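Step one of this worksheet: look at the structure below.
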Amino acid sequence: MGQETEIRGAQAGGGVTFARDSQGRAVFVGQKVINRKRQNLTQSLESAFSLTRRKAVAKGANPSEKVTVGAWHYRYATSSPPAIAETHWHEWTPAREANVWRAEQGRWVCDRKWVNHRITHNGDFESWMPFDRPIENAPLGLWLERVLDTPNATLGDSPKIAGMMDLLVTQGLWNASLRLAYQMGVASSIAEAFGGKQPAKSAPNTAPSASQIQIWEAIAQSVFEKYRDTLLLPYANSILEVSRQRLAGFEQALLQALSKDSKVREWTRSQQSAFVKYAVYAFFHNNLYQATKLFMSRATGTFGLAALSTLSEDSLVLSSWRQPITTGFSVQDEYMVYASEPAAVDAVLSHIPRSYRLDLDQKLGEIAWVGADNITVYSISKDRELLSAELEQRWIPFQENPYILPPAFKAKDPVEYDIQDIPRVLAEVNAAWRDPSSFNCQSADYLADLLIDRVKVWEQKQATINAKFDPARFDYERFGYVEFDTATDERALDLLITGVESSLWIGEQFAQDLLVLFPDLRVEACSSNRVLRSLRDDPSKLHLAKHSIVLAISQSGQTFPTLQATHAFEALRQQRQIGELFIMTGELCSLMGSAISQYYYKESTFTRRIFVNGSGRRMAEPTTVVIAAAHATLTELLLTLGHRLRSHFPDRPDPFNMSLSKDHLLYLEEIKTDLLKSRVPSLTGSTSDGKPIKSIEYQTILRSGRQWAAHITETPIVWSIHAAYVLVTVGLGTPLVQTLLRAVVAIAHLPAVFLWLLPLATLADILVYIFGPWLWAVGLRYLQGRPLTARTGSRTLVIGDVPWVHHLLQSYVSKLFSLSYGIASLNVHSSDPKDHMLYHFGHRVTRGTLVFLGVPDGRRHPTQKKDENAVVMTGKQASGVRHLRSGAEVIALGHNPAIAHLGFQNAIVLTSDLSTALPGDCVASAAKSSEAQVALEQLRESRFNAFERLIAGYTFFWALAKRVSSLPFLRYQHWKSQSRTRIMTTAAPIAHTAFDSLSDK
């Protein structure tokens, strides 16, 4: 579970479990660690916790007798830097002994227990409202210090939740109940704890003191002793089982007793009454479950919260609000697990019979009180506990469930595994799209139907504005009975595509390619954060209308901004403010799928609104196969939409001014088939059935990548050579030049007069010690056949290609080197060579700058030729910036063999087949319309040629990083980063509040 959870962030972590002390009382045993840069957090925490557990056992601690309950948390810092004090679990008040009342078989029992509450929390705690207005995080912390009479030096938001649990968990505790009652029933503002002033450390402390509360406790205890035997119902096993009539009499007696206290007499009668009523209610009701409900009802923020208490050692309480919480139960083995990452639950239970998963509803908000074999779910939005029947269709069985994928294979080198898995995944994507009953085909058919309806609406509009239009003669059979909203904004989008980072980049290219195929289709791609910002500030900026379709893309199905945008768009869809919402994820079962009401039990109906790229869950942060699968899925969707709209309107004007004919689309299908069968295996070194192949292309790419790796490893190798030189010459007292001089004089029997050269030899040795690293570098370059006069030290890489490719490769290479040592690292940049690459980096080119240049193939059309010439010119201009007869080292990557003869230092020529001619009808169509040929070549470049360059780049830079990360003494795991945030699951940076009031807009 820990390894699966790491993908959400692994800067620090903590674990805690219940145990019994030597007197049989419940206590916590826990440990926290800060993850070192190149360490594994799961292993580090496991080792540290094991040591803590042994120490606890040595002091007399024993495992709990009935149920073992524990909580583990991995942290990605948001509100404070990584530190032990800021790492989860959190407690505000240290464990303290107290008398705790409980009921057993109709009798009261007072136990002497350790009272200690701890929490773990994903998300952001913004404020809490004890009075008439919310108190933000920082002043809330100052308030808690005074109310709880316990200072706390932590800076983060989550420790304040632990403080709130100390305040709100009061069942069976008179002291805590009276403390809470004062704040909820008597105090009217936060200022009352600060002498009427604004919250500050320097303000006077006027909250009830611990001694004052003890006085109230003594009074309450004495009254309770008189009435307690009359309060419980016969055979009661919970202090909630009391006689209401007798409880009212107890409240009245307690009011009379407390009203005699000098402090209480200062209050109004209504304050006294509220104080007593709240104290009694808190004493009988506020267990951990009720306290969490109270906390969540007044809190703002995002919460994936787990609360534990020594007063409830056989259960814990989970809360989900804008943050995921997944629970899993093994019926046969009688245990329960939970996690913020669904894959963590799947990894434990997917192979166990009679196992089930339940995802809490983070959109509507839910609180779950769970034990090893039971669960109670409270809906925050419905303000009630859910019935078993309501949860029935939400239980996800693991066995024989087509919606659940098996856990991902754990490879030693996940990046290499993913690259070599690309052919298999793409073959499966292709096979799924050939099956009309597949989920992707069902969703594509629905999307195509919506676009077809939109075309009909457009035609109806054209007919409507015709001056001679006669409604009685209008051909409704032809145009359909689709209403047209005359108030629709003329700029309204037909399709909005949203995502972040990699998902956005491939979505942007898909939007551009849709416009190439359907020039009149109004389509735009924008960041999910921009979507949330617009929904918060001005929804009209998105140009959405009642017919607009939204496609949200997220590989994990839970990237925070995209998931929140999905929730927002689903609300708009249900309100009929937009036409429809589709999502695309790496697997069918996802939080985004749940957000659009897709259920995952075996018999659930498919919503026809989900596209799945089939890549599943991957460990590697440098993404390869998931991008390839997403791009291939969108290519299939593009071609499918083209076929559907073309076939639906065979004798009508081109839908959305469609640029390609049926034959053009079939020609693109042929290119795609060749890509899958031969091109991708040749670039990845693996076939679709996993067999390795050693194609010339693959070997060339590997060799070129390893050659560049020599630039990166040069500095540590030279440093090692020079260190060895100093060690030997200084340690043995044999400086090189002086030793050689003495040897020559001795061997050649030269006169001693030649020893007058000794001062010069000494000077030469000094120069070797000073400039030795540079001399060794030059010698190493000579032996390796690399440029001699390039700058020494860290290298800079500039990737030049079309926007979506250079963005993806820059992110990929940056992550490959995120854990590298400074002495063997790489500075990565990227830009578009047809646009601003020269302006961004022309003045920054130095000797040894590495330029990886993706060159489009310009042999098939003049437009593509112009693009090719522009890229080549940029490369030559970069190469032309020289000093000491040396400049940038450029590798050109493309399909045109001519790039090997353009003067670049190296060229990787990808295989292409110009003999594949257009079909006859396609040629005739192209002759009639040069626009069609331009569109065809644009799609060939963006969907296939650029994609091949991307795959080649993946292989090239993996070979480079693999060589660097394998250097002795400087090894690191190139497949992950220090923070381990493959999935961004907190505000990044737009918060959930962007659509909290969406229904009011």
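The values are calculated or read from the model by the stated rules, or taken from the named source; none is laboratory data. What you are looking at is a predicted structure, and each value in this text was computed from that prediction instead of being measured. Cβ sites come from the backbone with ideal geometry, for glycine too, and all protein chains shown count toward neighbours.
Of all residues being touching a strand residue (DSSP E or B) at 6+ places or on another chain (Cβ under 9 Å) and either of a type outside the set (A, V, I, L, M) or surrounded by fewer than 18 Cβ atoms within 10 Å (Cβ to Cβ) (or both) in the range 404-431, which is nearest to S556 (Cα to Cα)? Just the residue, please. Ranking the candidates gives D421 first. Can you confirm whether I583 is among the β-branched types (V, I, T) and part of a loop (DSSP other than H, G, I, E, B)? No, not satisfied. Applying the condition of being in contact with a Pro (Cβ under 7 Å, 6 or more places away or on another chain) and more than 30 Å from H664 (Cβ to Cβ) to the range 876-916 and asking which residue is surrounded by the fewest Cβ atoms within 10 Å (Cβ to Cβ) yields S886.
Could you go through the range 861-884 and let me know if any residue there is without any contact (Cβ under 8 Å) to a residue 40 or more places away in the chain, under 36 Å from the mean Cα position of the chain (by Cα), closer than 26 Å to A710 by Cβ and part of a strand (DSSP E or B). No: the range 861-884 contains no residue that is without any contact (Cβ under 8 Å) to a residue 40 or more places away in the chain, under 36 Å from the mean Cα position of the chain (by Cα), closer than 26 Å to A710 by Cβ and part of a strand (DSSP E or B).
The condition (being outside any strand (DSSP E or B), buried (at least 19 other Cβ atoms within 10 Å of the Cβ) and out of contact with any Cys (no Cβ under 6 Å at 6 or more places or on another chain)) is satisfied by just one residue among S688, S678: S688. Can you tell me which residues in the range 119-143 are farther than 17 Å from M296 by Cβ and in contact with a helix residue (DSSP H, G or I) (Cβ under 8 Å, 6 or more places away or on another chain)? Answer for the range 119-143, where residues must be farther than 17 Å from M296 by Cβ and in contact with a helix residue (DSSP H, G or I) (Cβ under 8 Å, 6 or more places away or on another chain): F131, P139, G141, W143. Residue-level check: of (1) crowded, with 23+ Cβ neighbours inside 10 Å; (2) modelled with pLDDT of 90 or more; (3) in contact with a helix residue (DSSP H, G or I) (Cβ under 7 Å, 6 or more places away or on another chain), V337 misses just (1).
Does V345 count as surrounded by fewer than 23 Cβ atoms within 10 Å (Cβ to Cβ) and aliphatic (A, V, I, L, M)? No, not satisfied. When residues in the range 808-858 are screened for being within 16 Å of A709 (Cβ to Cβ), outside any loop (DSSP other than H, G, I, E, B) and in contact with a His (Cβ under 8 Å, 6 or more places away or on another chain), 2 of them pass.
Here's the yes/no breakdown for (1) aromatic (F, W, Y); (2) in contact with a Pro (Cβ under 9 Å, 6 or more places away or on another chain):
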{"site": "M336", "(1), (2)": "no, no"}
{"site": "P342", "(1), (2)": "no, yes"}
{"site": "D346", "(1), (2)": "no, yes"}
{"site": "L349", "(1), (2)": "no, no"}
{"site": "I352", "(1), (2)": "no, no"}
{"site": "S355", "(1), (2)": "no, yes"}
{"site": "G365", "(1), (2)": "no, no"}
{"site": "Y378", "(1), (2)": "yes, no"}
{"site": "E385", "(1), (2)": "no, no"}
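V100: touching a Cys at 6+ places or on another chain (Cβ under 9 Å), assigned to a strand (DSSP E or B), under 30 Å from F224 (Cβ atoms) and not acidic (D, E), yes or no? It is true that V100 is touching a Cys at 6+ places or on another chain (Cβ under 9 Å), assigned to a strand (DSSP E or B), under 30 Å from F224 (Cβ atoms) and not acidic (D, E).
Restricting attention to the range 370-396, the residues being surrounded by fewer than 17 Cβ atoms within 10 Å (Cβ to Cβ) and within 27 Å of S438 (Cβ to Cβ) number 2.
Screening R844, R943 for residues that are at pLDDT 95 or above and either under 34 Å from the mean Cα position of the chain (by Cα) or in the same structural domain as D654 (by TED's automatic domain parsing) (or both) leaves exactly one candidate, R943. Taken over the range 788-814, the residue count meeting the criterion of being among the hydroxyl-bearing types (S, T, Y), under 14 Å from E501 (Cβ atoms) and touching a residue at least 24 places away in the same chain (Cβ under 8 Å) is 2. Considered as a group, the residues in the range 774-793 that are part of a helix (DSSP H, G or I) and crowded, with 18+ Cβ neighbours inside 10 Å include one that is farthest from the chain's Cα centre (by Cα), and that residue is W776. Where strands (runs of 3 or more DSSP E) fall wholly inside the range 290-349, the ranges with 1 or more residues that are without any contact (Cβ under 8 Å) to a residue 40 or more places away in the chain are 326-330, 335-339. When A552, A565 are screened for being assigned to a strand (DSSP E or B) and buried (at least 21 other Cβ atoms within 10 Å of the Cβ), only A552 passes. Looking across the range 236-289, the residues that are farther than 30 Å from L308 by Cα and among the basic types (K, R) come down to R246, K260, K263, R265, R269.
In the condition set (1) crowded, with 18+ Cβ neighbours inside 10 Å; (2) over 20 Å from the mean Cα position of the chain (by Cα), R354 is compliant with all but (1). So, in the range 148-161, exactly how many residues are surrounded by 24 or more Cβ atoms within 10 Å (Cβ to Cβ) and among the aliphatic types (A, V, I, L, M)? Going through the range 148-161 one residue at a time, the tally reaches 1. The lone criterion from (1) within 24 Å of the chain's Cα centre (by Cα); (2) at pLDDT 90 or above; (3) not aliphatic (A, V, I, L, M) left unmet by H992 is number (2).
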